[in-house]
Amino acid sequence: MIQAIVFLPLLAALVAGLGHHVIGKTASKMITTGALFISAALSWPIFLSFINGTGEAGVVTVLQWVQSGTLSFNWELKIDTLTAVMLVVINTVSALVHLYSWSYMSEDPHQPRFFAYLSLFTFAMLMLVTANNLVQMFFGWEGVGLASYLLIGFWYKKQSANAAAMKAFVVNRVGDLGFMLGIFATFLVFGTVSIPEILEAAPAMAGSTIGFLGLRLDTMTVLCLLLFIGAMGKSAQLGLHTWLPDAMEGPTPVSALIHAATMVTAGVFMVCRLSPMFEAAPVALSVVTVVGAATCFFAATVGTTQHDIKRVIAYSTCSQLGYMFFAAGVGAYGAAMFHLFTHAFFKALLFLGAGSVIHAMHHEQDMRYYGGLRKHIPLTYWAMMMGTLAITGVGIYGVFGFAGFYSKDGILEAAFAAGGLGTMAFWVGIFAALLTSFYSWRLVFLTFHGKPRWEQSEHIQHAVHDEHHDDAHDYAHAHAPKADSDGTAGYHPHESPLPMLVPLVILSIGAVFAGFIFNHPFIYPEEGTAFWAGSLAYNAELMHAAHEVPMWVKWTPFAVMAIGLLLAWNSYIRNPSIPARFVATFRPLHQFLFNKWYFDELYDKIFVKPAFALGRFFWQRGDVGTIDALGPNGVASVVSGGSRLAVRLQSGYVYGYAFVMLLGLVGLVTWAMVKFL
């Protein structure tokens with residue numbers, strides 16, 4: 001069964017990508033979408049078997065992969081609780097994204113390529129989460145990086161999409177360098193890349209030292225920090241986060257699949273998979289906690305100022321990943337995975353819901369030009385409401401809550417119970433929860449409530465009158481609503497087609513009930529110990545302490561959620577002039593946040609411009625001025641000069657040749673006279 005789950009997406013990608021000229025667009029979409037729904041259908045029984053305690057962990061060998069000296073490993077598919085959780089997340093979201101894309105990408109002429117890329121990404125992600133050794137994990141790691149590059153830059157005629165794809169690729173290569181060094185160092189220390197063997201031997205390495213950069217450092221700290229650098233790149237943590245917002249240049253289904261539910265969680269998965277290693281490196285765990293909390297805070301502050309609906313959700317993703325990492329940093333790996341699980345449903349729902357809004361608004365993404373959409377796209381509105389209620393953690397303790405109420409609150413309670421840096425992470429997480437509530441409800445109010453502001457959008461007014469769509473990638477014009485003769489009064493947003501609405505309904509169910517149904521096996525001490533046995537370092541004592549924290553700790557997340565809701569309502573419904581007055585009063589602060597703490601500008605000055613300057617120097621002075629001048633160009637000039645001289649000598653006239661012969665004879669006689677007389 002596991003072989004079918006993993007390899008069906010690969011087979012579908014190959015058929016759609018290589019054979020679409022033969023089978024056609026519709027068949028390509030049917031094959032890829034059908035393969036993903038089959039994989040998703042096969043994944044749920046495995047997951048539920050671990051939920052009810054009947055699941056059996058194991059390893060399925062595909063083939064012998066590498067045998068070189070002491071390095072030996074097979075291509076294997078690992079099945080355990082951690083894998084089962086990821087299989088459900090990846091395949092369910094991917095299947096729904098495939099279905100959603102039937103309508104969203106319906107007018108794109110390159111649909112088979114798009115669906116092939118989606119399936120290829122899914123296969124690479126499945127390879128990552130089923131890996132039983134670090135090399136196979138790295139294979140999947142780089143595979144999702146490649147697929148991400150292809151999908152972000154899918155509209156390759158669009159310069160901003162090309163730049164975003166390249167940025168994602170380069171930034172992830174920085175993180176992957178750390179990951180590679182971590183794998184090399186791990187093999188050096190343990191003599192194997194087998195994950196089970198490494199995790200078994202890891203506790204015994206605590207306290208040992210290794211030479212690194214000319215220093216003697218704690219072995220496990222060095223290994224875990226190098227591996228964590230890889231996680232920072234893939235999961236967009238502070239410092240290596242700059243690629244994630246720009247990745248919104250890709251089609252909206254890509255945002256939902258890669259940057260909400262699957263690829264960006266690879267770093268969290270890796271830290272949880274290798275949690276026994278991190279448990280032997282307290283300093284590394286402290287770094288994970290601080291970086292996660294800082295990312296959570298940073299992304300939440302930036303999200304409050306953005307106007308692009310997809311960028312708001314992207315920064316929300318970045319912030320929620322911070323929660324997952326600081327949960328892992330304090331040792332609450334089960335809580336981190338639980339938030340990963342619930343987040344997949346409500347964040348994919350929010351992204352696909354945003355895609356439905358963008359579809360209705362003729363691909364206008366600026367929320368300042370929305371308003372009043374609740375009556376026009378009611379199903380999308382209620383789906384987005386379910387996602388917002390889930391991400392903001394709405395719920396009543398001991399009664400019922402939406403998905404984020406259980407998973408995010410579980411993280412905050414565990415952080416508080418952990419003490420030390422966990423207390424810092426708790427308060428940062430509380431403040432981020434306040435901001436999350438504010439910008440999430442701000443999105444809802446700006447988009448669905450208030451008066452329509454569509455007539456202010458030049459993009460929409462131009463689009464509804466545009467009768468000529470020359471760009472092959474302007475796929476959505478067939479669904480564009482028509483305007484009256486004045487171009488404004490008759491503009492009526494419309495609900496999305498059924499293939500886009502069905503995934504919203506299914507994901508809404510997950511956003512509402514996933515936390516309530518599954519919170520016990522994920523984070524409750526007694527059930528969690530059995531559920532996570534052999535998969536990650538589950539700290540039952542910490543989770544027991546988390547459930548015993550004071551009641552004010554349990555109610556604080558709900559309180560800040562309510563405060564954020566009231567602030568957003570007061571600012572965007574009751575008194576819409578407040579945001580403009582705030583910006584005018586605190587312009588430097590707003591500019592700082594709106595410009596994303598100036599990370600892009602800082603990196604441009606520190607890395608990009610010096611790199612370009614160095615490249616130009618080596619190009620002009622090194623390549624052109626030295627190598628070409630002395631090499632190809634120098635040799636060519638000598639040959640050219642010699643040729644011109646030879647042409648002048650070879651005139652074709654007899655007297656010329658006679659003159660040369662006479663000169664030669666005179667020279668010969670002169671030499672003989674000097675030599676012999």
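Since every read-out is calculated from the coordinates, none of them should be taken as a lab result. All of these numbers come straight from a predicted model, not from anything done at the bench. Because the Cβ atoms are built from the backbone with ideal geometry, glycine has one as well, and the counts that use them run over all protein chains shown.
Other residues whose C-beta falls under 15 angstrom from the C-beta of M232 contribute a net charge of +1, scoring Lys and Arg +1 and Asp and Glu -1. For region 188-343, what does the relative contact order come out to in percent, with C-alpha contacts under 8 Å and a separation of six or more? Value for region 188-343: 24 percent. For region 1-139, the share of alpha carbon pairs falling in successive 5 Å distance bins from zero is 2, 11, 19, 19, 16, 13, 9, 6, 2, 1, 0 percent.
Before anything else, pin down the relative contact order of the chain: Cα pairs under 8 Å, at least 6 apart, normalised by residue count, whole percent. Could you put the intermediate results ahead of the total?
Numbers: 1131 pairs, mean separation 87.0, N = 677.
Across the chain, relative contact order equals 13 percent.
Legend: ranking of residues I51, I309 from fewest to most surrounding C-beta atoms inside 10 Å; resulting order I51, I309. On a per residue basis, the convex hull of the C-alpha atoms belonging to region 202-339 measures out at 97 Å³. Model label sites at F676 and N162, defined 7 Å from Cα along the beta-carbon direction, differ in position by 7.6 nm.
Ranked by the mean number of other Cβ atoms within 10 Å of their residues, highest first, the peptides 91-100, 638-647, 361-370 come out as 91-100, 361-370, 638-647.
Cα gyration tensor of region 21-90, axes a ≥ b ≥ c as square roots of the eigenvalues: rounded (a/c below 1.5), prolate (a/b > b/c) or oblate?
Details: a/c = 3.81, a/b = 1.22, b/c = 3.12.
Oblate, since a/c reaches 1.5 and b/c is not below a/b.
As an exercise, use a Förster radius of 56 Å and the Cβ-Cβ distance of V505 and Q620 to find the FRET efficiency, rounded to the nearest 0.05. Plugging the Cβ-Cβ distance into 1/(1 + (r/R0)^6) gives 0.40.
Report the gain in length on full extension from N575 to M661: 0.36 nm times residue separation, minus Cα-Cα distance, nm rounded to one decimal. Numbers along the way, then the final one.
Working: separation 86, 0.36 × 86 = 30.96 nm, distance 10.47 nm.
Extra length from N575 to M661 when fully extended: 20.5 nm.
Extension gain, Q3-N595: 0.36 nm per intervening residue step, less the Cα-Cα distance, totals 208.5 nm.
Principal axis extents of the C-alpha atoms in region 611-671 (largest first, rounded to whole Å): 65, 28, 10. Remark: the chain carries a charge dipole of roughly 1400 debye about the Cα centre, counting +1 on each Lys and Arg Cβ and -1 on each Asp and Glu Cβ. If one puts a single equal scatterer on every Cα of region 509-630 and applies the Debye formula without solvent, what log₁₀ I(q)/I(0) results at q = 0.12, 0.16, 0.18 Å⁻¹? Cα-only, vacuum Debye calculation for region 509-630: -0.85, -0.97, -1.04. The slack in the chain from I23 to W555, taken as 0.36 nm per residue of separation less the alpha-carbon distance, amounts to 185.8 nm. Taking the centroid of alpha carbons for each part, region 12-81 and region 535-563 are 36 Å apart. Over all other residues within a Cβ to Cβ distance under 15 Å of G178, the charged ones net out to 0, with Lys and Arg as +1 and Asp and Glu as -1.
One Cα centroid belongs to region 318-335, the other to region 164-233; the line between them spans 19 Å.
Ordering F154, F115, F582 by the number of other Cβ atoms within 10 Å of each residue's own Cβ, fewest first, gives F582, F154, F115.
Compute the Cα gyration tensor for region 59-128, then decide on rounded, prolate or oblate, letting a ≥ b ≥ c be the square roots of its eigenvalues: rounded whenever a/c is under 1.5, prolate when a/b is larger than b/c in the other cases, and oblate in all that remain. Each step should come with its number before you reach the end.
Numbers: a/c = 5.03, a/b = 2.00, b/c = 2.51.
Oblate shape, in that a/c is at least 1.5 and b/c is the bigger or equal ratio.
Label sites at L48 and Y653, each approximated as a point 7 angstrom past Cα along Cα to Cβ, lie 10.3 nm apart.
Classify region 249-294: rounded, prolate or oblate, from the alpha-carbon gyration tensor (a ≥ b ≥ c, eigenvalue square roots; a/c under 1.5 rounded; otherwise prolate if a/b is larger than b/c)?
Details: a/c = 5.60, a/b = 2.29, b/c = 2.45.
The shape class here is oblate.
Here, region 1-50 is characterised by an Rg to Rh ratio of 1.10, where Rg is the alpha-carbon radius of gyration and Rh the Kirkwood radius. Fewest-first ordering of I46, I509, I38 by other beta carbons within 10 Å of each residue's beta carbon gives I509, I38, I46. For q values of 0.13, 0.16, 0.22, 0.25 Å⁻¹, compute log₁₀ I(q)/I(0) with the Debye formula on a Cα-only model of region 556-595, without solvent. Per q value, in the given order, log10 I(q)/I(0) is -0.35, -0.51, -0.78, -0.84. Evaluated at q = 0.15, 0.16, 0.18, 0.25 Å⁻¹, the base-10 log of the normalised Debye intensity for region 40-80, with identical point scatterers placed on the Cα atoms, takes the values -0.51, -0.55, -0.62, -0.83. Can you give the FRET efficiency for N633 and A611, using 1/(1 + (r/R0)^6), R0 = 35 Å, r = Cβ-Cβ distance, to the nearest 0.05? Once rounded, the FRET efficiency stands at 0.85.
Rounded to the nearest Hz, the phi-derived 3J(HN,Hα) couplings of region 291-300 under the Karplus curve 6.51 cos²θ - 1.76 cosθ + 1.60 (θ = phi - 60°) are 5, x, 5, 5, 5, 4, 5, 4, 5, 5, where x marks glycine and proline. The sum of -39500 (n - 2.57) across all DSSP H runs of n ≥ 4, divided by the residue count of the chain, sets its helix-only mean residue ellipticity at 222 nm to -22500 deg cm²/dmol. I need to check one value: relative contact order of region 510-551, counting alpha carbon pairs closer than 8 Å and at least 6 residues apart, in percent. Dividing the mean separation by the residue count of region 510-551 yields 28 percent. With the convex hull drawn around the C-alpha atoms of the chain, the volume per residue stands at 261 Å³.
When the Cα convex hull of region 298-401 is projected onto planes of every orientation, the mean area is 7.5 nm².
Simple spin-label estimate for H494 and M30 gives 2.6 nm between the two label positions (7 Å along the Cα-to-Cβ direction from each Cα).
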